[in-house]
Amino acid sequence: MHFAGWFGISSAAAILAACSAPAETADEPASSSPASSTECPLEGAAVQVLGSGGPIAEAARAGTSYLLWIDGEPRLLIDAGAGSFLRFAEAGGKLATLDAILLTHLHADHAGDLAGVLNSGGFEGRSEPLAVIGPDAAPRFPGTAEFLERLVSKDSGAFAYNGGYLDGTENKPLLEARDVTTAGGNAEAEGLDISNDFSVTAHPVNHGVVPALGYAIEVGGKAVVITGDQSSASEAFAADLTGSRPAILFAHHVINGEAGQPRGLHRTPFEIGELAGAIEPERLVLTHNMVRSLSRVDDSLSAIAESYDGDVSIATDLDCYPL
Ligand SMILES: [Zn+2]
């Protein structure tokens, strides 16, 4: 395996890192050739990792979030995990140019900053409706439409003052919510009609009892696949994408090489390698990184290398990967 880990960080992240002295960096391998930078190109498509962390507040990582850029414009926001509000601003994200917001699932490390992003977007004066697409409901998890109701409904929302998002009044764009059927990861993949410039397929995945989705996005003949949080029980996801050879596979790297799989929620590094070996991306990017997953990153890379021999990068916040 050619390991192309890139640990360049933005000035803001560097300041945070200097203040918090994250222990995780001590065990990370030295950087080699960069596959990304914190500046996305003005031409072509790229995916920027806004938040490369998980649910635990540690080091300089926001919760999971991605931004799809096309020709210098942010077009898709995928997840808005806790902390990503700040990264969205640092990246130059705007609600005004988005075609949609996609959510993989409704854990706080993936959706906790959505209210902040919407609140900020309310100052942009956008009038066109905006699609918000995510998983359906299950016990203890509202569906995506219900989630938005609970956030900003004028009647009962936690942030009822932003209720204009649900009826397109008060200088807010109407949010068009859509629940994708997940069935525990067993529902069929669904093509989403979002834009003429790119295509998106929502793939139900298994994340324990949590309704969850992964996404495949194709722009100009190049594809990117985002696993979301998923366990190895996500068999349809793997089968549907086997041999699809995307430019990039973003895989959520939650646990290290030796730890057991907590409650069947996530793929182990070996299972990430199996998935990458089947999907055959040009580059595998590990994100949703935590101290627990990076503390023995060499074990993870060795486990992945048993099934996948392509390039591997470890994402930090704001890394931009051109397709
Ligand atoms: Zn997560």
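Reported count of residues in the range 272-284, each being in a helix (DSSP H, G or I) and surrounded by 21 or more Cβ atoms within 10 Å (Cβ to Cβ), is 5. Quick one: would you say G191 is in a strand (DSSP E or B), free of Cβ contacts under 8 Å to residues at least 40 places away in the same chain and not hydrophobic (A, V, I, L, M, F, W, C)? Considered against the rule, which asks whether it is in a strand (DSSP E or B), free of Cβ contacts under 8 Å to residues at least 40 places away in the same chain and not hydrophobic (A, V, I, L, M, F, W, C), G191 comes out as yes.
Filtering the range 95-144 to residues that are within 21 Å of A62 (Cα to Cα), hydroxyl-bearing (S, T, Y) and more than 16 Å from the ligand (Cβ to nearest atom) leaves only S120.
Before we move on, is A82 surrounded by fewer than 17 Cβ atoms within 10 Å (Cβ to Cβ) and at pLDDT 95 or above?
In short, no.
Note on the range 37-73: among residues that are within 14 Å of the ligand (Cβ to nearest atom) and of a type in the set (D, E, K, R), the one that is farthest from G93 (Cα to Cα) is E58.
Across the range 196-211, the number of residues qualifying as in a strand (DSSP E or B), of a type outside the set (S, T, N, Q) and touching a helix residue (DSSP H, G or I) at 6+ places or on another chain (Cβ under 7 Å) comes to 3. Against the conditions (1) under 29 Å from V225 (Cα atoms); (2) assigned to a helix (DSSP H, G or I), G164 satisfies every one except (1). Criterion applied to I217, I255, I226 was being within 16 Å of the ligand (Cβ to nearest atom) and closer than 15 Å to L102 by Cα, and the one residue passing it is I226.
Before we move on, is L294 out of contact with any strand residue (DSSP E or B) (no Cβ under 6 Å at 6 or more places or on another chain), within 20 Å of D109 (Cβ to Cβ), at pLDDT below 95 and not acidic (D, E)? Yes: the conditions hold for L294. The listed residues are A251, A202, A216, A233, and the only one of them that is touching a strand residue (DSSP E or B) at 6+ places or on another chain (Cβ under 9 Å), buried (at least 22 other Cβ atoms within 10 Å of the Cβ) and closer than 27 Å to D299 by Cα turns out to be A251.
So the check is Cβ under 9 Å with 6+ separation or different chains; which pairs have a first residue in the range 285-304 that's in contact (Cβ under 8 Å) with a residue 12 or more places away in the chain and in a helix (DSSP H, G or I) and a second one that's within 16 Å of the ligand (Cβ to nearest atom) and of a type in the set (S, T, Y)? Taking only residues 6 or more apart or on different chains, the pairs are S300/T268; S300/S293; A303/T268.
Scan the range 93-101 and give yes if some residue there is in contact (Cβ under 8 Å) with a residue 60 or more places away in the chain, farther than 30 Å from S231 by Cβ and of a type in the set (A, V, I, L, M), otherwise no. Yes, the range 93-101 contains at least one residue that is in contact (Cβ under 8 Å) with a residue 60 or more places away in the chain, farther than 30 Å from S231 by Cβ and of a type in the set (A, V, I, L, M).
The values are calculated or read from the model by the stated rules, or taken from the named source; none is laboratory data. Keep in mind that this is a model prediction, so the values were computed, not measured. Ideal geometry is used to build each Cβ from the backbone, glycine not excepted, and the neighbour counts take in all protein chains shown.
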